[in-house]
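Here the structure comes first, spelled out in structure tokens, and everything after it is commentary.
Just so it is clear, none of the values below were taken in a lab; they were calculated from the coordinates. In this text the structure is predicted, and so the values were computed from the model without any measurement. We place every Cβ from the backbone using ideal geometry, glycine too, and count neighbours over all the protein chains shown.
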Amino acid sequence: MKDQRNGHQSLKWIYESEADAVGAVLELSKEKVHHLFRVLRFPESSDVIVSNGKGTAFTASLTQTSKSSARLLLKEIHKDESQRPPKFLRVFVALPKNNIMDFIMEKAVELGVQHISPFMSERSVVRIKSSEADKYLEKWKEQAVHALEQSEGLWFPKIDAPKEFTEILKEFSAPTFLFSSEKREETTMKDSLKALEKAAQGGIGLIFGPEGGFSKEETRIILENHGKPLTLGTSILRVETAFIAGVHMAKLAM
């Protein structure tokens, strides 16, 4: 199946984590078959690009073998960056209300984030019970798959189940930066970019708070745990706007 982009034809992309070698034959899940042939209306036989989410994409032939089954034959390597992984970028995101987290998950994949860690802070409106965490995690992974396929990505991110604020503090390994509206007068965007560039070699962590911002106590705890304040300017931004701008700034620095 082909589409038109910038005046030329390109093959559709599919994500399959088990794609590992030319000549391999993969059987697709019933859910994947339904999505490809019933939702996206793929023809019964077509060429596609298969990304394994680990840096490699293959040219493959896709064939529907029955109403609920299909297989992929990996024919040749289309692109291989498995030996050149991108610099590490992890984001900690306080759960926003409505369906904004769905949007953030999609944009995180499109922008090349390697690790996504949702969490609940003091002012988070959304609270997810531990019994429901797996359900949300599966939903986010499904959205990430669609985003990887749409953006023709090579790297599938690690996605965590939602955690409490106190739990994420133990996971600040790479230099971690806090985008805080409360601290926006204390530094400039130019200085923020310089700080990211200085830390980029070893990877970067970014923390995005909830709609109402972090509490003073949470901000204090983050800074005491070696978090560094950054700014995206003097305006107070929506969570999704701050996320895209912040990740883009970090990618520029890397």
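So how many Å³ per residue does the convex hull of the Cα atoms of the range 2-80 work out to? Please report the intermediate quantities before stating the final value.
Details: hull volume 7.1 nm³, N = 79.
In the range 2-80, the Cα hull volume divided by residue count equals 89 Å³.
State, to one decimal in nm, how far the label point of Lys97 lies from the label point of Ala24, with both points 7 Å from Cα in the Cβ direction.
4.5 nm
What ranking of Leu148, Leu73 emerges when the number of other C-beta atoms within 10 Å of each C-beta is taken as an exposure proxy, fewest first? Each step should come with its number before you reach the end.
Working: Leu148 22, Leu73 16.
So the ranking, lowest neighbour count to highest, is Leu73, Leu148.
Taking each pair of different alpha-carbon atoms in the range 192-254 once, compute 1/r for the pair, average those values, and report the inverse of that mean as the Kirkwood hydrodynamic radius in Å to one decimal.
On the way: mean 1/r = 0.0797 Å⁻¹.
It is 12.6 Å.
Take the cross-link list Lys87/Lys198; Lys163/Lys251; Lys30/Lys139; Lys54/Lys129; Lys54/Lys194 and give me the ones stretching past 20 Å between alpha-carbons. Before the final figure, lay out the partial values.
Numbers: Lys87/Lys198 13 Å; Lys163/Lys251 25 Å; Lys30/Lys139 17 Å; Lys54/Lys129 31 Å; Lys54/Lys194 30 Å.
Pairs exceeding 20 Å: Lys163/Lys251; Lys54/Lys129; Lys54/Lys194.
So which aspartates and glutamates can Lys79 reach, going by Cα to Cα under 18 Å and dropping same-chain residues fewer than 8 places off?
Hits, sequence-local ones excluded: Glu16, Glu18, Asp20, Asp47, Glu110, Glu149, Glu152.
Using only Cα atoms and rounding to the nearest 10 degrees, what angle (0 to 90) does helix 100-110 make with the longest principal axis of the chain?
Taking Cα atoms only, the helix is inclined about 60 degrees.
Please check which bits of the range 223-254 a label hung off Ser173 would reach, taking the label as a point 7 Å along Cα-to-C-beta and the cut-off as backbone N under 20 Å.
225-228, 251, 254
Please report the Cα spread of the chain along all three principal axes, rounded to whole Å, starting with the longest.
Extents along the principal axes: 59, 39, 32 Å.
Given the DSSP H assignment, sum -39500 (n - 2.57) over each helix run of at least 4 residues in the chain and divide by its residue total; what's the result at 222 nm in deg cm²/dmol, nearest 500?
Details: 7 runs with 72 residues, N = 254.
It comes out at -8500 deg cm²/dmol, rounded to the nearest 500.
For the range 99-205, what are Rg and Dmax over the alpha carbons, in angstrom?
In Å, with Rg to one decimal and Dmax whole: 15.4, 43.
For a Förster distance of 25 Å, can you work out the FRET efficiency between the beta-carbons of Leu193 and Glu224, rounded to the nearest 0.05? Walk me through the numbers before you get to the answer.
Details: r = 24 Å, r/R0 = 0.97.
With a Förster radius of 25 Å, E is 0.55.
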